[in-house]
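Everything below concerns the one structure shown next.
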Amino acid sequence: MSTRTGVAVAQFAPGADPQENLATVRRLAAQAVERGAGLVVLPEYSSYFTPEIGPDWVAAAEEIDGPFAQGLAAIARELGVIVVAGIIERGSPGADVERFRNTVLAHGPDGGLLAVSHKLHLYDAFGASESRWAEVGAIDEPQLFSFAGLRVGIQTCYDLRFPEVTRRLVDAGADLVLVPSEWVRGPQKEHHWRTLVTARALENTIYVAAADHTPPIGVGCSMIVDPMGVALAALGEREDVAVAHPTPARIAEVRQVNPALRLRRFRVVPG
C-alpha cells in the first residue's frame, strides 16, 4: 500500500485518439507520483474529445472494462496510485436513440475499480446540448472510497452548478469531492469555475479537487480547495499537475470554527 498522501489534479486537452490520451494520462500520473501524490484526478472525457459532440462520440464509446478503462487500470497498478478519469461509456442498450454515458472511473493501486460515477446534470446551457448525445445519469447511491483517512466522492463538471449534488455526497460521508470536468471557456466562465469550486468546498467544509481541460476549449485553472475555501494548489492554462495534501485534522479544525453542517435545517432529497 502506498504511503503517498498527496492529491493531484492533472489537466490536459484530450483529443480523438484514445491511445494518445492514455499516454498523456500515464505521463501526468507519473509526474504526480513523483510529487508525492497517491490519488490523481484527470478531466472529464479523458478517453475521447472533439470540439463538437456528435455521432463519432457514440462510436467512440466503450464499456467500463473496455480498452481505455483497462489502460487506466494498468497505469494505476504500475504506479501504485488511484487514478480517476472521465470516459465515454456505451449507453443503455435498446434505447430509442443511441447515446453514450458520461462516466468517471476510479481505479485503485491494484488496478481494481473503486467507484463509478455518472454525470447527473447534462450540459444543456450556454448554447450547448449535451443531452442530444449523452444519457443522463441515474440518481443512485454515491459510490465512495477511502484515501489517506478521507472518504472520497465524485461528481462531474456541470454538476457543480447544483449544490445539492455535493451536499448529497457529503451526507453520504464524503470529506473530499473530486470533479473531473470539461468546463468550456466563455464570458465569465473562468470566474464561475473558480467561484463554484470554492463555494462547494466552503459551504460543505470539505476538500474539492477539480481537474479541467486546458484551452482552447476548457478554461484550465484546475485547483484543490480546502474546507475554508483556500486554494491549496492551482494551475493556469497549460498542461500540468498540481498536488496538495488534505488531512482529516484540517476538516475537524474548520468544523469547530464553522459548524455549518451541524447547524443546517434542511436535507437533500433526490427528486
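Read-outs throughout are calculated quantities, based only on the coordinates presented, and are distinct from any laboratory measurement. Note that the coordinates shown come from a computational prediction; the quantities given were computed from them, not determined experimentally. As a convention, Cβ positions derive from the backbone with ideal geometry for all residues, glycine included, and neighbour counts pool all protein chains shown.
Listed values, structure above:
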{"quantity": "Given charges at Cβ of Lys, Arg, Asp, Glu: the stretch 222-264 dipole, positive-most of ALA231, GLN256, HIS245", "calculated": "GLN256"}
{"quantity": "Listed residues VAL170, VAL104, VAL254, most fluctuating in the chain (Gaussian network, C-alpha, under 10 Å)", "calculated": "VAL254"}
{"quantity": "Distance between the stretch 107-169 and the stretch 241-263 - C-alpha centres, whole angstrom", "calculated": "21 Å"}
{"quantity": "Size of charge dipole - the stretch 13-149 - debye, nearest 20, with Cβ of Lys, Arg +1 and Asp, Glu -1, no other charges", "calculated": "400 debye"}
{"quantity": "Residue among PRO216, PRO180, PRO142 farthest towards the positive dipole end of the stretch 127-224, charges placed on Cβ", "calculated": "PRO216"}
{"quantity": "Debye, to nearest 20: dipole size of the chain, +1 on Lys, Arg Cβ, -1 on Asp, Glu Cβ", "calculated": "1120 debye"}
{"quantity": "Residue-averaged 222 nm ellipticity for the chain, from DSSP H runs of 4+ at -39500 (n - 2.57), nearest 500", "calculated": "-8500 deg cm²/dmol"}
{"quantity": "Value of Rg to Rh for the stretch 196-271 (Rh from inverse mean 1/r over Cα pairs, i.e. Kirkwood)", "calculated": "1.07"}
{"quantity": "Column: log10 I(q)/I(0), Debye, Cα scatterers of the stretch 1-113, q = 0.14, 0.19, 0.22 Å⁻¹", "calculated": "-0.53, -0.89, -1.12"}
{"quantity": "Amide H within-cut-off set for ASP240, under 5 Å, with H built and near neighbours excluded", "calculated": "GLN11"}
{"quantity": "Cα principal axis extents for the stretch 114-271, largest first, Å", "calculated": "42, 36, 30"}
{"quantity": "For the stretch 48-109, the spread of Cα positions along each principal axis, largest first, Å", "calculated": "41, 27, 15"}
{"quantity": "Per-residue ³J(HN,Hα) for the stretch 260-271, Karplus 6.51 cos²θ - 1.76 cosθ + 1.60, θ = phi - 60°, Hz, x for Gly and Pro", "calculated": "4, 5, 6, 8, 5, 10, 10, 10, 8, 10, x, x"}
{"quantity": "Sparsely packed GluC sites (Glu not before Pro) within the stretch 1-109, loop by DSSP, other Cβ within 10 Å at most 10", "calculated": "GLU52"}
{"quantity": "Cα convex hull of the stretch 38-164 - mean projected area over all directions, nm²", "calculated": "8.3 nm²"}
{"quantity": "Hz values of 3J(HN,Hα) by residue in the stretch 37-45 - Karplus curve (6.51, -1.76, 1.60), Gly and Pro given as x", "calculated": "7, x, 9, 10, 9, 10, x, 4, 6"}
{"quantity": "DSSP-defined beta bridges in the chain - what % are antiparallel, rounded to 5", "calculated": "60 percent"}
{"quantity": "Cleavage-rule hits, chymotrypsin sites (Phe, Trp or Tyr not before Pro), the stretch 169-271, DSSP coil, Cβ neighbours within 10 Å at most 11", "calculated": "PHE266"}
{"quantity": "Projected area averaged over orientations for the chain, convex hull of C-alpha atoms, nm²", "calculated": "13.4 nm²"}
